Amino acid sequence: MKPNSTSMQQSPPESPTGTSPSQRRPNKQAALGQRMACMLLSILIRRQGAFLFAPLIYITCMLLYMGTVSFDGRGGGGLVGPTVVVVNNNNNSNTNKHPPAASGSVYRSPQIYDKLRPEIDSDNSSADAISTIWKSSYKGSVWRPCVNMSAGGNTSVPVLTASNGYICVEANGGLNQQRSSICNAVAVAAYLNATLVIPNFHHHSIWKDPSKFKDIYDEEFFVKTLENDVRIVDKIPGYLMERFDNNASNIFNFRVKAWSPVHYYREHVLPKLLEEKVIRISPFANRLSFDAPPAVQRLRCLTNHLALRFSNPLLTLGEILVARMKERSANDGGKYLSVHLRFEEDMVAFSCCVYDGGEQEIKDMNEARERGWKGKFTKPGRVIRPGANRLNGKCPLTPLEVGLMLRGMGFNKTTHIYLASGKIYNSEKNMEPLLEMFPNLLTKDRLASAEELAPFKSYSSRMAAIDYTVCLHSEVFLTTQGGNFPHFLMGHRRYLYGGHSKTIRPDKRKLALLFDNPNIGWRTFKQQMLKMRSHSGAKGYEIKRPNDSLYTFPSPDCMCRSNKTDNSKSHPAA
């Protein structure tokens, strides 16, 4: 089924409490107000006190401007009440009264696919990129894991002194946000010389996964690996719980600000821990700064790369699927490409982007937003600008766009692809063009039997863990949207592959312009995609900079240079 090239694109409709007629009629008034404000500003500039009033007048002008102009080429309405900017990709006479939408702000990828498809199908000009993609990349130094080493290469076992108390944390979010919380909790507990209680996972309204720690990770291995650095127990002792009527919610909950530096815990959390002997920190996601002393970073590395091993059932199935992918791609030396595709309904809804699904898409997205984020998108004053989102590279790539991009990058029809994803929105329609371009595309549902997946099917985090394992061992990883999954995966791949993530990170701002260019030809498009592919591999290894995540950039905290001549310059995990 071909995409409907004449379908209307509209952003989600205004809420029932939308703007009044008077609020929808501000264009002439706002323009007059804008001119008057600018005239007043020009007068003030000639006066001595101009600089006292200029910022206020400038802000007023900008507010009036934002109410009348948008990247979508439409009036934005007033600033009171929720406003949705409407986008239309038709070129009929009914839309000519509006200024044209900015290039790249409208979803026209189906039309581009229809135009380029004959040339895509007949293009046999080069060998498959899977075999050559990294040959000219990564000529710099190679890094190796050195998580176990302490400062100066000393591997002596530290001596644990008497515990200062028990710390309980609640790890919220999805699989990898929880993983971040676990690593940070280990580091904080060791820093405060406290005993860590096995983290509890928050049952979130989006993920709705009741899995416990031991369902996802090998708990015994976790405790054993960290036994020389921090005490870990599965529950608080009974004599302490009696103080709280055996109800964990009665334990003092310390509200820690996001990205707090580690010294905050010593100055503010430790005194309360010594007083109470047991505290909770909930929520705990992103409650520790990315930058910390070497001893703290070492424990983050140790936890993430060694201690957190998936539970045996998850690890076994993941490795089975990796073996099957390598077997199917034997003609390419067992090399396959993995794609993390974020086009699930909740992701599309949260992005506030508009595609080609018409009225049904509008209805589906409004309902999904209310289910997941009740009231967030209908607050008075909220302005939704789908076109601006697309221009800024914030819209999730569709399966069709992923296929076009990969074919342009030189991956041919025989390439074996593993698709890591949740349930794709409107899957039957949206997946069809991607499968046309890449018939050897597989998911865990197609690669594993129903019986193999049955124990994990109802648990989103466990299913994500299987995807993570298969993506980790692919020759090429393509990330299409930000988030914890690709960031952790890139860091883990760097840790395994000498500091190189072997990852394609597309420029989505550039893609928005290319996919909205009706005059583009296949040769030009392919040249642009090859440049984008080359740029992904040009940097080689990347070193963590201040405020970067250690989980994405493990060098130099978790890794050392392998070159003997560079050993003196390396920064081992201390």
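Things worth noting here:
- Just so you know, the averaged projected area of the alpha carbon convex hull for segment 397-537 sits at 9.2 nm².
- Cβ-Cβ FRET estimate between N164 and R309, R0 fixed at 22 Å, reported to 0.05: 0.20
- Cα gyration tensor category, rounded, prolate or oblate, for segment 301-347 with a/c compared to 1.5: oblate
- With 26 Å as the limit on Cα-Cα distance, the pairs of K326/K526; K135/K531; K457/K508; K363/K429; K376/K444 that go past it are K326/K526; K457/K508; K376/K444.
- D by Stokes-Einstein for segment 394-445, Kirkwood Rh over Cα pairs, 37 °C, 0.692 mPa s: 288 µm²/s.
- Inter-label distance, nm, simple model (7 Å from Cα along the C-beta direction), S260/A330: 5.6
- Among 506-517, 441-452, the order from most to least packed when residues are scored by Cβ within 10 Å on average: 506-517, 441-452
- Tail weight of P(r) past 15 Å, computed on alpha-carbon pairs of segment 429-469, percent: 51
- Among 427-438, 291-302, the order from most to least packed when residues are scored by Cβ within 10 Å on average: 291-302, 427-438
- Given K208/K277; K277/K374; K257/K374, the pairs whose alpha carbons are separated by over 27 Å: K208/K277; K277/K374
- Highest mean packing comes first when the peptides 274-281, 252-259 are listed by Cβ atoms within 10 Å, giving 274-281, 252-259.
- Cα-based shape type of segment 226-382, given that a ≥ b ≥ c are square roots of the gyration tensor eigenvalues and the cut on a/c is 1.5: oblate
- Working note: Cα atoms of segment 329-456, range along each principal axis, descending, whole Å: 57, 38, 21.
None of the figures in this text is laboratory data; all of them are computed from the coordinates on show. Model, not experiment: these values are computed from the prediction. Here Cβ is always computed from backbone atoms with ideal geometry, including for glycine, and neighbour counts include all displayed protein chains.
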